[in-house]
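The values are calculated or read from the model by the stated rules, or taken from the named source; none is laboratory data. Only a predicted model underlies this, so the values are computations on that prediction, with no experimental measurement involved. Methodologically, a virtual Cβ is constructed for each residue, glycine included, from the backbone with ideal geometry; neighbour enumeration extends over all protein chains shown. Ligands, DNA and RNA are excluded from the accessible area calculation, which covers all protein heavy atoms including side chains. Shrake-Rupley method; radii C 1.70, N 1.55, O 1.52, S 1.80 Å.
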Amino acid sequence: MAKAYAPPKMTNGASMTENLARLRLGIIADPQYADLDPDHERGRYFRRSLDKLGEAVEHFNAQNLDAVVVLGDLIDRGWDNFPPVLDLLETLQAPRILLPGNHDFMVDPVHLPEVYARLGMPAPYHAVQIKGLRLLVTDGNEISLFAPPEGDPRRIEAEQRLAAMRAKGATNANRWNAGISDRQMTWVADQLAAAEESDEDVILLGHYPIYPPSDHALWSAEALSGLIADSPSALAYLCGHQHTGNYGEKNGVHFVNFRGMVDTEHQNAFAILSVFDDRIEIAGHGREPDRSLELRPKRSHAASLSDKMLTVG
């Protein structure tokens, strides 16, 4: 089970960056571990992910981190491949926030309802409060052809959505993508509104990219990215799924797609993300690039409310 959040202890050797940062997160995307031979065509080395995870864990344990986030696809397939990955992540000193991706549901149907609990998640989508920031864990697998059990209304809805998207020629109309429900969209909107009311900053976490547009994007990408970009409280949306990585900025909100750890035989990919008052710094390792992302000036709740009244009027 994932640890409940507790502030990490500062060490006398903490760097200036660590002391000034409001929040520091270790980030991993798409380890996709499995006891399988490599897929040379796609450049995926499934067994090598354990060594890469070990390297990331060792690096993270030498830092002062508030949490470590895995943005989905801990395994490539097979329920029996979870224990080696989760046992390794248990050695992290920082609390863990684990999200499932599409590959985490590539298990025997009997195990489908158990995936979220296996990752220690309190709910498929939920909020985590850390040091005055609100992290929203979203569930992009909600409406899909793989996460809900056979016969579940959400799987039927996924078939209908996919058919409609294909009829319109949508580039992300692929079976390995998925969508979210209207109920979850309302939950995100309510969380952003509550954060704005209390002058909290928000970072959203998901498996699927939502901006810029791509063939790997969440089925509800345009609506969700628009909702997030319109929120004065949102700082960033972090995701995996598209292993080549990507980045976009929309209305001052940063959309960061981290590169897949499973790709390439020897090069790793993970990062440390630090939030400051005026920027987000991403220190990439291996294939993951460094980024310095400027944050838009903080607006008060009263100013934001005034803007909305002017827009409505």
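Laid out as a table, the results:
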read-out	value
Neighbourhood charge, 14 Å Cβ-Cβ cut-off, centred on SER144 and excluding it, Lys, Arg +1 and Asp, Glu -1	-4
Accessible-area value, ARG259, 1.4 Å probe, nucleic acids and ligands omitted, Å²	80
Charge dipole (debye, nearest 20) of the chain; +1 at Cβ of Lys and Arg, -1 at Cβ of Asp and Glu	440
Where Rh is the Kirkwood radius over Cα pairs, Rg/Rh for the stretch 22-111	0.99
Residue-span extension gain [GLU90 to ASP199] - 0.36 nm each, minus C-alpha spacing	35.9 nm
Listed residues TYR237, HIS126, PRO149: farthest to the positive end of the dipole of the stretch 23-294 (Cβ charges)	PRO149
Per-peptide average of other Cβ atoms within 10 Å, ordering 149-157, 220-228 highest first	220-228, 149-157
Cα Rg, Dmax (largest Cα-Cα span) when computed across the stretch 115-251, Å	14.9, 46
Close Lys-Lys pairs in the chain, where close means Cα under 20 Å and separation is 8 or more or interchain	6
Sequence-separation-based contact order of the stretch 23-294, relative, with Cα cut under 8 Å and 6+ spacing, percent	20
Loop GluC sites (Glu not before Pro), the stretch 28-88, which have at most 16 other Cβ atoms in a 10 Å radius of their Cβ (DSSP)	GLU41
DSSP beta bridge pairing in the chain, given as percent antiparallel to the nearest 5	60
Neighbour net charge for PRO124 - beta-carbon separation under 9 angstrom, K R +1, D E -1	-2
Counted charge near GLU294, where neighbours are those whose Cβ lies closer than 13 Å (Asp, Glu -1; Lys, Arg +1)	0
